[in-house]
Amino acid sequence: MCIVSSKKAEKFNGCIVNSVFQVTPEPPIIAASVNRECLTHNYISESGVFTVSILAEDTPMAFIGRFGFRSGRDIDKLKDLNYKLGKSGAPIILDNTVAFMEAKVTESVNILMHTLFIAKIVACQVLNKDKVPMTYAYYRDVKHGRTPEKAATYLKVNPK
């Protein structure tokens, strides 16, 4: 589970994303799937940069909810949080973060309601080697987390 963050001029935003993966080792290329309705998507599209803050298993559910179930159109998601600006000027969330990657978009692919942003890593660092990164399975099965409708892994359940 990650927070993908970006910038638009002097504004910052981020959203929970569970679909970030390595594409190539050299040069180091990753891909992140972001719903086109998310404000973070607009910021990435405009700036061409994003950061990935990898969350720890012990991240509080309220923290996850702030980035996964609230819109940056309604709240300042980074207010009162610890973050730093990366080389690109995009924010790197420090609270509850195991490691981060900073990336510059090289291309994007529209897939239904999502965009797959393909990007070259320009910086990365482990911030807390004593913490365990949270997988989506851990979030779902251990923390009993819900999935927002805009998430790539959302499944509509039909009541009987």
Query raised in the report: Which residues, taken from region 14-66, are in contact with a Gly (Cβ under 9 Å, 6 or more places away or on another chain) and of a type in the set (Ser, Thr, Tyr)?
Result: Thr40, Tyr43, Ser47, Thr51, Ser53
Report task. Return a yes/no flag: does region 98-106 have any residue that is in contact with a Cys (Cβ under 6 Å, 6 or more places away or on another chain), closer than 20 Å to Asn13 by Cβ and either in a strand (DSSP E or B) or of a type in the set (A, V, I, L, M) (or both). Result -> yes
Query raised in the report: Is it true that some residue in region 25-35 is at pLDDT below 95 and part of a helix (DSSP H, G or I)?
Result: no
Query raised in the report: Which members of region 68-109 meet the condition of being under 14 Å from Ala32 (Cβ atoms) and either under 13 Å from the mean Cα position of the chain (by Cα) or without any contact (Cβ under 8 Å) to a residue 60 or more places away in the chain (or both)?
Result: Ala90, Phe100, Met101, Glu102, Ala103, Lys104, Glu107, Val109
**Report entry** Matching residues in region 110-131 - criterion: being part of a loop (DSSP other than H, G, I, E, B), closer than 21 Å to Cys38 by Cβ and either touching a residue at least 12 places away in the same chain (Cβ under 8 Å) or in contact with a Ser or Thr (Cβ under 9 Å, 6 or more places away or on another chain) (or both)
**Finding:** Met113
Query - Count of residues meeting criterion [acidic (Asp, Glu), touching a strand residue (DSSP E or B) at 6+ places or on another chain (Cβ under 8 Å) and in a loop (DSSP other than H, G, I, E, B)] in region 43-69 - result: 1
Query raised in the report: What is the number of the single condition among (1) in contact with a strand residue (DSSP E or B) (Cβ under 8 Å, 6 or more places away or on another chain); (2) over 17 Å from Pro133 (Cβ atoms); (3) not β-branched (Val, Ile, Thr) that Pro25 does not meet?
Result: (1)
Query raised in the report: Among (1) at pLDDT 95 or above; (2) surrounded by fewer than 16 Cβ atoms within 10 Å (Cβ to Cβ); (3) out of contact with any Leu (no Cβ under 7 Å at 6 or more places or on another chain); (4) not acidic (Asp, Glu), where does Thr153 come up short?
Result: (1)
**Report entry** Residue in region 80-94 that is crowded, with 17+ Cβ neighbours inside 10 Å and either charged (D, E, K, R) or within 17 Å of Thr135 (Cβ to Cβ) (or both) present
**Finding:** no
Requested in this report: Please determine, by comparing only the residues of region 38-67 that are surrounded by fewer than 21 Cβ atoms within 10 Å (Cβ to Cβ), among the aliphatic types (A, V, I, L, M) and without any contact (Cβ under 8 Å) to a residue 60 or more places away in the chain, which one is farthest from His114 (Cα to Cα).
Outcome: Ala62
**Report entry** Verdict on Met101 being touching an Asp or Glu at 6+ places or on another chain (Cβ under 8 Å) and within 25 Å of Phe63 (Cα to Cα)
**Finding:** no
Requested in this report: Report yes if Lys77 is among the charged types (D, E, K, R), out of contact with any helix residue (DSSP H, G or I) (no Cβ under 7 Å at 6 or more places or on another chain) and under 16 Å from Ser5 (Cα atoms), otherwise no.
Outcome: no
Query raised in the report: Do we have Gly72 as at pLDDT below 95, within 17 Å of Asn13 (Cα to Cα), part of a helix (DSSP H, G or I) and of a type outside the set (Ser, Thr, Tyr) here?
Result: no
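The values are calculated or read from the model by the stated rules, or taken from the named source; none is laboratory data. Because the structure is a prediction, the values reported are computed rather than measured. With ideal geometry, Cβ positions are generated from the backbone for all residues, glycine too; neighbour counts draw on all protein chains shown.
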